[in-house]
Amino acid sequence: METSYTPVAYDYREVIEEQIAAGKMGKVFFWSADQKVDDVQGRVTKLEDVPGKGLFITLDSGAQIRIDRIITLFGKPGAAYDEYDAFANACLACTAGVPL
């Protein structure tokens, strides 16, 4: 199940453009279409707007990732980092079955 595109802060686009200009290579962690954490490695070659779908990065491997689903880009927090952090800490907020 694919979620609809959520616009991201311009800061995240600037980080992507900096990585493209620098020609850096590394890992990108992101939420896959089936809502699981996935990763790819490579160099970001472009940032493009796909009409009706949102902004995507393309890596030199050919992988395309929607930027609102990026958890980290080469170790830097992406637009979906807060969502990942909340998911990782969900057990800490659980109170089901715990007597008060």
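If you go through the range 1-31, how many residues are assigned to a loop (DSSP other than H, G, I, E, B), more than 18 Å from Asp82 (Cβ to Cβ) and small (Gly, Ala, Ser)?
1
Name every residue in the range 43-63 that is at negative phi, part of a strand (DSSP E or B) and in contact (Cβ under 8 Å) with a residue 40 or more places away in the chain, in order of residue number.
Those that are at negative phi, part of a strand (DSSP E or B) and in contact (Cβ under 8 Å) with a residue 40 or more places away in the chain: Leu55, Ile57.
Check off (1) farther than 16 Å from Arg13 by Cα; (2) outside any strand (DSSP E or B) for Val40 and give me the number that stays unchecked.
Against the list (1) farther than 16 Å from Arg13 by Cα; (2) outside any strand (DSSP E or B), Val40 comes up short only on (2).
What are the residues in the range 26-40 that are at pLDDT 95 or above and more than 13 Å from the chain's Cα centre (by Cα), if any?
Scanning the range 26-40 gives a single hit, Gly26.
Restricting attention to the range 64-96, and to residues there that are at pLDDT 90 or above and part of a helix (DSSP H, G or I), which single residue is surrounded by the fewest Cβ atoms within 10 Å (Cβ to Cβ)?
Applying the filter and picking the extreme gives Asp68.
The values are calculated or read from the model by the stated rules, or taken from the named source; none is laboratory data. Keep in mind the model is a prediction, meaning the values are calculated, not measured. Here the Cβ is made from the backbone with ideal geometry for all residues, glycine too, and neighbour counts use every protein chain on show.
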